[in-house]
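Have a look at the structure below, then the notes.
The values are calculated or read from the model by the stated rules, or taken from the named source; none is laboratory data. Since we're looking at a predicted model, the values are computed, not measured. In this analysis, Cβ positions are derived from the backbone assuming ideal geometry, glycine residues included, and neighbour counts consider all displayed protein chains.
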Amino acid sequence: MIIVGHRLQARLGSVALWLLQQGIDIKIVEVTPYKDPSGNGLLLSPQIIIPPPSTEDFEIGGTEDPNDPWVIDGQKWHLEHRCKERGRQILLACIKHVGDRYADARGPIWNQKQYVSFRLDSGIWLYLNTRATQLNLTIPVPPAKWDGQAVATRLRIGLASKDDSLSEKLAAPTSVRVRKRKGNERLDFFIKDDALLASDEFWKVIDETYADFAKGW
């Protein structure tokens with residue numbers, strides 16, 4: 001089931017998330033119109049709202065307000081309000097690496113409250129969930145391809161667990177986990193400094209996710 005509309009209503013979001021939890025294959029796409037600078041009509045920007053990048057990052061509330069600060073100036077919102085100095089440095093370093101390495105990826109796209117994104121075609125390939133002193137990087141990947149422990153060993157970083165408490169997550173070093181989702185899985189990197197971004201092996205992992213996302217599964 002695919003529902004497409006201009007704005008997400010709270011009740012619709014609640015019902016869709018409940019259906020998703022019951023195993024119903026449902027997708028909600030929010031389409032934002034922009035005036036074509038040439039004056040020849042409208043441009044439409046689609047954003048998959050459900051399934052969200054991660055349920056803990058998704059907040060159901062009222063409709064998106066064009067006066068929200070992340071809509072008015074998303075870059076300022078993320079760099080000045082969501083991030084402190086360390087988180088800002090990691091975010092900007094990651095954005096530069098992605099922009100330099102993946103010419104076909106469109107972004108950074110700043111106008112979401114919780115994350116900055118890069119898109120391939122009409123889908124979001126890479127989510128940069130902004131935090132005060134770290135960066136949570138999330139990538140959709142094919143099911144049953146990635147093993148969290150193998151990735152952690154390959155990159156010489158920690159293995160995260162969804163059962164970790166908030167204090168444990170904040171105190172842990174840079175780590176990774178594989179999170180299962182319906183129809184795909186997610187690679188979640190919890191990046192505490194820019195050492196991982198300087199690793200060639202890390203970008204080989206990202207190259208593999210890029211290739212998989214581009215061809216689909």
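Observations
- Subset of the stretch 170-217 that is part of a helix (DSSP H, G or I) and of a type in the set (Gly, Ala, Ser) - its residue that is farthest from residue 99 (Cα to Cα): 171
- Flag if residue 116 is closer than 21 Å to residue 51 by Cβ, in the same structural domain as residue 193 (by TED's automatic domain parsing) and of a type in the set (A, V, I, L, M): yes
- Pair list, Cβ under 6 Å, 6 or more apart: the stretch 86-101 residue within 14 Å of residue 126 (Cα to Cα), other residue in a helix (DSSP H, G or I): 94/197; 97/197
- Among the residues examined, residue 128 qualifies as at pLDDT 95 or above and closer than 22 Å to residue 75 by Cβ.
- Boolean, residue 95 is closer than 23 Å to residue 138 by Cβ, among the β-branched types (Val, Ile, Thr), surrounded by 16 or more Cβ atoms within 10 Å (Cβ to Cβ) and at pLDDT 90 or above: yes
- The numbered conditions (1) surrounded by 13 or more Cβ atoms within 10 Å (Cβ to Cβ); (2) farther than 26 Å from residue 81 by Cβ; (3) at pLDDT 95 or above are all true for residue 156 except (1).
- Cross-chain or 6+ apart pairs with Cβ under 9 Å, the stretch 190-217 first and under 16 Å from residue 95 (Cα atoms), then outside any helix (DSSP H, G or I) and of a type in the set (Lys, Arg): 190/131; 190/177; 199/156
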